[in-house]
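Here is the structure we will look at, set down as structure tokens.
The values are calculated or read from the model by the stated rules, or taken from the named source; none is laboratory data. Quantities reported herein were computed from a predicted structural model and do not represent experimental measurements. Virtual Cβ from ideal backbone geometry, glycine too; neighbours counted across all protein chains shown.
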Amino acid sequence: AELRRPTDAAEAATALAADRSARPLGGGTDLLPARRQGVADGRVLVDLTSVVGMNAVAESAGGDLCIGGAVTLADLARRPELAGDEALLDTIGSIASQQIREMATVGGNLCQQKRCWFYRSGFDCYKRGGVTCPCYAVTGDHRFYHAAIGAHRCQAVTPSDLATTFTALDASLAVRGPGGTRTVPMEEFFSGPGETVLGRGELVEEVVVAAAARRRATVLEKLRLWEGDFAVASVCVSADLADGVVRDCRIVLGAMAPTPYRARPAEDLLRGRRLTGQLAERAARACVEEGHPLPGNAWKLEAARGMVARCLGRLAEAT
Ligand SMILES: Cc1cc2nc3c(=O)[nH]c(=O)nc-3n(C[C@H](O)[C@H](O)[C@H](O)COP(=O)(O)OP(=O)(O)OC[C@H]3O[C@@H](n4cnc5c(N)ncnc54)[C@H](O)[C@@H]3O)c2cc1C
Ligand code: SF4
């Protein structure tokens, strides 16, 4: 492939738009293996790590956190601006290994493809082969890494852990395209498992976490099979608590549904109420009420329920 190294975000978007086969390149920790696996193409790779400004992390006067799309996960974790963003630090620390975090970028983490083993291993499944092909995960091993809520023809999940936490933090993305910049709420960024709403020539230039969300108490629980592994299930709860009463909250389940799953019925149940153990249990049950598991992964609903209860317990203890 041909490598381009633009220094300006507009130039990068123009390079991406100019060639149908051009792809953004962050650290390459997903794109390069995905190319070998036959699930990513691209004759031209546009390296975003050389784009001025996309490696920056800044805090606005009002306390908004602005993270460049090409900042590496390791750099982000080292930044003083993040000292109080514990859930974000926990999330980063749970991703892969230090070596990978030194390479992997924020934009690349959000845009990484689904990990479904069948998809990555050359099976001509629905997502690789088209609508006449089956989903091999339905009859194959789907115990850990497939959806238990809301999947239809494809049972894969969005693998990005940052996406789960950023959704709970109401983050928004500055998306740069050849015609300028648009803002996409994190919650609306995914169109399917590891699939985004980005159009031709578009890239994630920046992620913004607003000060109001950063002031909330936010906790993460991630279940994985071994250290450095992807989430089998994860939960991020972000709550504004005053005197034990939930003024506002977000509950987001990761690796449970095709895209980060916001448990709105549970949020509604909690809002305006005192966070007792009993209420936490009810809310945790409400989080998985819409579950529609495969035969081998119903246990993930039970795990997620327990993790939500644990998150809420941690928040109650902290207030
Ligand atoms: C062993 C291992 C364990 C892992 N464990 C975890 C885990 O626990 N949790 C987790 O979340 N991830 C995990 N990962 C995935 C890893 O985090 C991603 O590979 C990495 O974050 C991708 O970032 P990158 O910069 O290398 O992206 P790249 O590989 O460069 O790109 C990935 C995709 O994003 C696109 N892209 C890159 N940057 C941008 C941008 N700014 N705008 C638009 N599109 C862009 C590329 O075109 C490509 O499609 C793991 C990976 C490995 C190998
Ligand atoms: S879960 Fe999706 S990607 Fe995996 S085999 Fe089924 S259709 Fe293919």
In region 263-287, the residues that are touching a Lys or Arg at 6+ places or on another chain (Cβ under 7 Å) and of a type outside the set (Gly, Ala, Ser): GLU267, LEU269, LEU279, ARG285, CYS287
Residues satisfying the stated conditions in region 26-46, i.e. away from ligand 2 (no atom under 16 Å from the Cβ) and at pLDDT 95 or above: GLY26, GLY27, GLY28, THR29, LEU31, LEU32, ARG35, ARG36, VAL44, LEU45, VAL46
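Residue-wise test of (1) among the hydrophobic types (A, V, I, L, M, F, W, C); (2) within 16 Å of ligand 2 (Cβ to nearest atom); (3) touching a residue at least 40 places away in the same chain (Cβ under 8 Å).
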{"residue": "GLU59", "(1), (2), (3)": "no, no, no"}
{"residue": "GLY62", "(1), (2), (3)": "no, no, yes"}
{"residue": "CYS66", "(1), (2), (3)": "yes, no, yes"}
{"residue": "ALA87", "(1), (2), (3)": "yes, no, yes"}
{"residue": "GLN113", "(1), (2), (3)": "no, yes, yes"}
{"residue": "CYS116", "(1), (2), (3)": "yes, yes, yes"}
First in region 154-176 and under 12 Å from ARG214 (Cα atoms), second anywhere and within 9 Å of ligand 1 (Cβ to nearest atom), Cβ under 6 Å, 6 or more apart: THR165/THR91
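Can you give me the number of residues within region 178-192 that are outside any strand (DSSP E or B) and either within 11 Å of ligand 1 (Cβ to nearest atom) or out of contact with any helix residue (DSSP H, G or I) (no Cβ under 8 Å at 6 or more places or on another chain) (or both)?
The initial filter retains those residues of region 178-192 that are outside any strand (DSSP E or B), namely 178-179, 186-189.
Filter once more, keeping what is either within 11 Å of ligand 1 (Cβ to nearest atom) or out of contact with any helix residue (DSSP H, G or I) (no Cβ under 8 Å at 6 or more places or on another chain) (or both): 179, 188-189.
Count: 3.
Residues THR132, THR72: which one is in contact (Cβ under 8 Å) with a residue 40 or more places away in the chain and either among the hydroxyl-bearing types (Ser, Thr, Tyr) or not assigned by the TED database to the domain that holds VAL204 (or both)?
Values: THR132 fails: in contact (Cβ under 8 Å) with a residue 40 or more places away in the chain.
After ruling out the rest, the residue left standing is THR72.
Could you tell me which residue of region 248-268 is farthest from ligand 2 (Cβ to nearest atom), considering only residues that are crowded, with 20+ Cβ neighbours inside 10 Å and either among the charged types (D, E, K, R) or more than 20 Å from ALA303 (Cβ to Cβ) (or both)? Before the answer, list the steps.
Taking region 248-268 as the starting set, the residues that turn out to be crowded, with 20+ Cβ neighbours inside 10 Å are 249-261, 263, 266-267.
Going one step further and asking which of them are either among the charged types (D, E, K, R) or more than 20 Å from ALA303 (Cβ to Cβ) (or both), we end up with 249-250, 267.
On the way: CYS249: 31, ARG250: 27, GLU267: 28 Å.
Ranking the qualifying residues of region 248-268, first place goes to CYS249.
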Selection status of VAL175, at pLDDT 95 or above, surrounded by fewer than 24 Cβ atoms within 10 Å (Cβ to Cβ) and within 11 Å of ligand 1 (Cβ to nearest atom): yes
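Do any strands (runs of 3 or more DSSP E) lying entirely in region 203-319 carry at least 3 residues that are β-branched (Val, Ile, Thr) and in contact (Cβ under 8 Å) with a residue 12 or more places away in the chain, and which ones are they?
Numbers: elements: 203-209, 217-223, 233-242, 245-254.
So the answer is 203-209, 245-254.
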All positions within region 210-230 that are hydrophobic (A, V, I, L, M, F, W, C), within 14 Å of the chain's Cα centre (by Cα) and more than 16 Å from ligand 2 (Cβ to nearest atom): LEU220
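Given the criteria modelled with pLDDT of 95 or more and touching a strand residue (DSSP E or B) at 6+ places or on another chain (Cβ under 6 Å), does GLY254 qualify?
Numbers: modelled with pLDDT of 95 or more: yes; touching a strand residue (DSSP E or B) at 6+ places or on another chain (Cβ under 6 Å): yes.
So GLY254 passes the test.
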Only listed residue being crowded, with 19+ Cβ neighbours inside 10 Å, at negative phi and in the same structural domain as GLY180 (by the TED database), chosen from GLY93, GLY84, GLY108: GLY108
Residue within region 228-247 that is touching a Cys at 6+ places or on another chain (Cβ under 9 Å), of a type in the set (D, E, K, R) and surrounded by fewer than 21 Cβ atoms within 10 Å (Cβ to Cβ) present: yes
Conditions (1) closer than 24 Å to ILE67 by Cα; (2) within 12 Å of ligand 1 (Cβ to nearest atom); (3) not basic (Lys, Arg): number failed by VAL39: (1)
